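**Q** The structure's right below; bear with me while I get my questions together.
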Amino acid sequence: MAVKKKTRPSAKRSAAKAAQKLTRYSKGEHIKVAPLHSPKPAMSIAELSTVRQEQSDAQLFDGAILAAPPQARLVYFGGALLTHVQVYNIFWGKKWSAAPGAGLAAKLNDFYKAILVSPLIDQLAEYSVTGQSIGHGSLIGSKVITANAPVGSVTDTTVRTRLKAWISARTVPANTPNTVYFIYLDPGIASIMGGSKSCSSYCGYHDAVGKVYYSVMPYPNCAGCLGGLAAFDALTGTSSHELCEAITDPVPGSGWYDDQNGEIGDICAWSFKTVASYTVQLEWSNVQNKCV
């Protein structure tokens with residue numbers, strides 16, 4: 001993920017994380033974004049950890065790329081989980097009402113209908129805790145919103161303001177403890193978060209404003225957010241990344257989190273599999289000690 005992080009236990013605004021963790025972060029910040037695509041080394045995380053430990057100062061000063069973070073381990077910090085996630089899709093812009101945008105929006109809705117009752121959600125059950133058992137979710141609806149559509153770019157502050165206004169005006173359903181709003185932007189609209197920009201530092205992110213959980217999904221109009229995939233496959237891949245993170249860590253850093261490596265999707269970013277005929281990202285499993 002490119003990063004946005006927060007102060008534990010109060011979830012304040014995150015600062016966008018650079019794909020290879022080169023951005024400066026403040027103490028207590030938490031990663032919460034889908035990173036840009038970068039070539040993957042042909043080694044396991046454990047092997048890469050060993051290689052990293054063996055890198056000499058001379059190699060590092062010569063510009064050697066850091067091999068990989070240490071062995072991953074998600075830890076539960078006591079916060080809320082989305083036990084039966086309710087996804088509401090918001091297609092915000094001028095291009096989702098007619099072809100080809102309308103067709104793509106329909107395909108994304110179908111993706112959620114299938115994936116929210118699939119093995120991708122089943123595998124998250126290992127992160128259930130007392131009183132919060134993770135199970136299947138549902139797509140509770142979607143809406144195209146053209147009013148105040150972004151032009152050129154949109155900041156996270158604006159997204160938060162609009163989302164709260166939509167909820168207040170009943171343009172979208174009121175949030176519940178399980179609701180997450182996925183906000184899809186028009187092609188060509190950049191997301192700005194914490195001083196970072198989509199397609200430069202990240203491909204999507206999730207966050208919380210109070211008890212309202214949301215994810216922002218810029219359209220993948222760059223090589224770093226396509227990763228060699230077709231646009232729809234890149235969208236389902238990054239959407240699944242943010243979905244699983246929103247379920248297991250809805251307020252970034254307060255649910256299941258690894259202080260070294262980030263959230264459940266960060267550890268396995270840009271590694272994919274097919275579930276219910278859709279491209280989804282692998283997610284970290286503490287039980288299996290690998291991306292599955």
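**Q** When you look at S142, is it farther than 30 Å from V287 by Cα, of a type outside the set (A, V, I, L, M, F, W, C) and buried (at least 16 other Cβ atoms within 10 Å of the Cβ), yes or no?
**A** Criteria met by S142.
**Q** Could you grab me the full set of residues in region 82-96 that are closer than 19 Å to S118 by Cβ and more than 15 Å from the chain's Cα centre (by Cα)?
**A** T83, H84, Q86, Y88
**Q** Test each condition in (1) part of a loop (DSSP other than H, G, I, E, B); (2) of a type in the set (D, E, K, R); (3) under 26 Å from Y219 (Cβ atoms) for K113 and report the one that comes out false.
**A** It fails just one condition, (1).
To keep it simple, each residue is scored yes or no on (1) at positive phi; (2) surrounded by 24 or more Cβ atoms within 10 Å (Cβ to Cβ); (3) touching a Lys or Arg at 6+ places or on another chain (Cβ under 9 Å); (4) hydroxyl-bearing (S, T, Y).
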position	(1), (2), (3), (4)
G237	no, yes, no, no
L243	no, yes, no, no
S254	no, no, yes, yes
Y257	no, yes, yes, yes
I267	no, yes, no, no
V275	no, no, no, no
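**Q** Sticking with this one: Could you please find all residues in region 184-213 being out of contact with any Pro (no Cβ under 8 Å at 6 or more places or on another chain), crowded, with 24+ Cβ neighbours inside 10 Å and aliphatic (A, V, I, L, M)?
**A** Of everything in region 184-213, just one residue is out of contact with any Pro (no Cβ under 8 Å at 6 or more places or on another chain), crowded, with 24+ Cβ neighbours inside 10 Å and aliphatic (A, V, I, L, M), namely M193.
**Q** If you don't mind, there's one more thing I want to ask. Mind checking which pairs have a first residue in region 184-204 that is farther than 18 Å from L235 by Cβ and a second that is of a type in the set (V, I, T) and surrounded by 24 or more Cβ atoms within 10 Å (Cβ to Cβ), Cβ under 7 Å, 6 or more apart or different chains?
**A** Close Cβ pairs satisfying both conditions: I192/V154.
**Q** All but one of (1) surrounded by fewer than 24 Cβ atoms within 10 Å (Cβ to Cβ); (2) modelled with pLDDT of 95 or more hold for G227; state the number of the condition that does not hold.
**A** The single condition G227 does not satisfy is (2).
**Q** Give I90, I65 a once-over and let me know the one that is modelled with pLDDT of 95 or more and either surrounded by 15 or more Cβ atoms within 10 Å (Cβ to Cβ) or not in a helix (DSSP H, G or I) (or both).
**A** Of I90, I65, the one residue that is modelled with pLDDT of 95 or more and either surrounded by 15 or more Cβ atoms within 10 Å (Cβ to Cβ) or not in a helix (DSSP H, G or I) (or both) is I90.
**Q** While we're looking at this one, here's another question. If the requirement is being open to solvent by less than 10 Å² (accessible area, probe 1.4 Å), among the aliphatic types (A, V, I, L, M), touching a helix residue (DSSP H, G or I) at 6+ places or on another chain (Cβ under 7 Å) and more than 18 Å from A80 (Cβ to Cβ), which of these qualifies: V159, V216, V180?
**A** V216
**Q** Confirm whether G194 is at pLDDT below 95 and in contact with a helix residue (DSSP H, G or I) (Cβ under 8 Å, 6 or more places away or on another chain).
**A** Yes.
**Q** A follow-up question, please. Return a yes/no flag: does region 123-132 have any residue that is open to solvent by 20 Å² or more (accessible area, probe 1.4 Å), among the β-branched types (V, I, T) and either farther than 18 Å from V216 by Cα or not in a strand (DSSP E or B) (or both).
**A** yes
**Q** Would you call G78 out of contact with any helix residue (DSSP H, G or I) (no Cβ under 9 Å at 6 or more places or on another chain), on the phi > 0 side of the Ramachandran plot and modelled with pLDDT of 60 or more?
**A** yes
The values are calculated or read from the model by the stated rules, or taken from the named source; none is laboratory data. What you are looking at is a predicted structure, and each value in this text was computed from that prediction instead of being measured. Cβ atoms come from the backbone with ideal geometry, glycine included; neighbour counts cover every protein chain shown. Note: areas computed on protein heavy atoms with side chains; ligands, DNA, RNA excluded. Shrake-Rupley method; radii C 1.70, N 1.55, O 1.52, S 1.80 Å.
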